[in-house]
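The values are calculated or read from the model by the stated rules, or taken from the named source; none is laboratory data. Only a predicted model underlies this, so the values are computations on that prediction, with no experimental measurement involved. Virtual Cβ from ideal backbone geometry, glycine too; neighbours counted across all protein chains shown. The protein model used for the area step is the full one, side chains on, heavy atoms only, and it has no ligands, DNA or RNA in it. Shrake-Rupley method; radii C 1.70, N 1.55, O 1.52, S 1.80 Å.
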Amino acid sequence: TSSYHPIEVKRAPIQVTTPQLSESKYWKSFSPIITHQKSGAITSIYVSPIAPHDFILTSGLKVELFNGESKRIKTEFTSFKDTAFGACVRDDGKLVCVGGKENLIQLLDVETRSVLRKYRRHQGPVRMTRFVPNSSSILSVSDDCTMRHFDIATQTQLNIFEGHKDHVRYGGVVQDNLWMSGSYDHTIKLWDVRSSQNTLTLDHGGPVDALISFPGTSMLASAGGPVIKVWDLLSGGRLVASFSQHHKNITSMCLDSKNKRLFSGGLDQHVKVYSLKNFEVVGQIESSAPILSIGINEESKALMMGMSDGSFVICAEQKIADQLKNEQTSEPKLPPKSQSRPFPGTYRHFMRSDVGVISKFDVVVKERRVRNASEIDAHLLKFEYASALDVALEGENPSIVISLFEELFQRDALEYAIAGRDHKGLEPLAYFISENIRRPLFHSVLTNVANVVIDIYGDQTSNVTIRELIKQLSQKIKDEILLETELLQACGLIEMTISNPQLQNLAYNSTLTKFPLLGDGPDKFGYGELPIQGPFIPKAKKNRNNRNKRKDSVVNSNSNNS
């Protein structure tokens, strides 16, 4: 009985339930964190699906590309003569395509902001442009009732999709060979890219302003007027759902990153959030003006809204809003005016500029650690110059040795540090001078050091080792002086050639000579002979040869006369 242990009753862990915030309250908690006022109405917002999810907007004569993380302007394009529409940034973030009232598409470089291509086939304002996924081409829709397909490199028109009877306001890719377009003629058309033929036509019942396809499914949503309709393409365009939660026209739609929520913005100053399970409203966000375009970033952490009065607003959850405000909009905390100015030389005076706030987007340059030279400083404090030089020569950093030589120059103690050495103490010094005297940064200092070494140990001929070291050091200095002399002569010849106008004209007017390419013959690579401009030296040699021939003829004539 003593070894008996009673049975332990296992108790289930107590489940602690935390109150969860409903989805409607989550979307209501969104508040503006960044607000920009533009000169014109913001007609389009495009968010890149690739990290860092940069987004681009068009407003009047300006197109602005924002960084997806910092929400700051990355690049600004202003080379437009009329209103720009439907800008789009490529997934790699290097190219931007823009439409507009100029009836053309412009391809822009993000780094240089220059115009790379112009596509001029449209006969009306280009309302929207998109880069075709997995292809080097662009699609565009226009008020000329067409949707067109262009190759980026050759600027050729690959396809033209005709069939609408009114302005086309939206176009996009459903699958690789299936595209869609929506028009003010109340229809949505599906196109086969391979044949440029219309495969299916759907009647929305009103002017279509926006289209969106659900990835991984055969579903398509169209927005026209205050109504959103969902269609099943595999069932021949069957109407799945039709719902209206806006009081005025819907102008823009987008999906979240998980394809579970549908967002719609309208002229009634509201953004509605729908669940794709039952197409019911699960949240809404209000704005201060009619909404023309919307965009949602990765994981639905920020919502961008472009309005008719030129306001561009980025909304986020209150917690994220407070964090971004602290990182982006906070100003450095300056000391109060009543505080006295720090006295020079004090710690407060040294730290007087340490009031900035470092953001996670700032580039922080790390402090470069220098080799600790405390042992050298200890010898210098005791005026042990020779010992300090020995410690410096034992290290692997030549900059410390050069710094010590400069310090010894200022103290007029270089001779004391070098004198009194035997061949073992002189060998590392001579080796260091020989190895580093040709380096441009150390040349001037080591030249003076070498002169001091030669002056001190040049007369000591009794020690064979020291005599060889001095001989090698002297030879290094002579080689360096010879090299500098040759370089100075070359510089003089170049300056004389550049400053002499006769030599310049002689070189400029020299004839073209032909040199065959390397190989078995001139036609080995199919290029024949290449004309290369010959230098002026052969021509001068030719004139010299002529003068020699004249001298020989004069000498021969004189000998004959004699």
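For segment 132-147, the candidate set comprises residues that are surrounded by 23 or more Cβ atoms within 10 Å (Cβ to Cβ) and not polar (S, T, N, Q); within that set, the residue that is nearest to the chain's Cα centre (by Cα) is ILE138. The residue that is nearest to the chain's Cα centre (by Cα), among those in segment 111-123 that are within 17 Å of LEU61 (Cα to Cα) and in a loop (DSSP other than H, G, I, E, B), is ARG113.
For the residues SER399, SER374, SER387, the requirement of being modelled with pLDDT under 80 and of a type in the set (Ser, Thr, Tyr) singles out SER374. Looking at segment 286-296 only, could you name the residues that are open to solvent by less than 30 Å² (accessible area, probe 1.4 Å), touching a residue at least 60 places away in the same chain (Cβ under 8 Å) and in contact with a Gly (Cβ under 9 Å, 6 or more places away or on another chain)? SER293, ILE294, GLY295, listed by residue number.
Yes/no per residue for (1) open to solvent by less than 30 Å² (accessible area, probe 1.4 Å); (2) part of a loop (DSSP other than H, G, I, E, B); (3) at pLDDT 90 or above; (4) charged (D, E, K, R):
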| site | (1), (2), (3), (4) |
| --- | --- |
| GLY236 | no, yes, no, no |
| LYS248 | no, yes, yes, yes |
| ASN259 | no, yes, no, no |
| PHE263 | yes, no, yes, no |
| LYS272 | yes, no, yes, yes |
| LYS277 | no, yes, no, yes |
| GLY283 | yes, no, no, no |
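The condition of being surrounded by 12 or more Cβ atoms within 10 Å (Cβ to Cβ), in contact with a Lys or Arg (Cβ under 7 Å, 6 or more places away or on another chain) and in contact (Cβ under 8 Å) with a residue 24 or more places away in the chain does not hold for ILE433. Scanning segment 441-455 for residues that are open to solvent by 20 Å² or more (accessible area, probe 1.4 Å) and within 19 Å of LYS478 (Cβ to Cβ) yields HIS443, SER444, THR447, ASN448, ASN451, VAL452, ILE454, ASP455. Answer yes or no as to whether LYS476 is modelled with pLDDT of 55 or more and basic (Lys, Arg). Yes: the conditions hold for LYS476.
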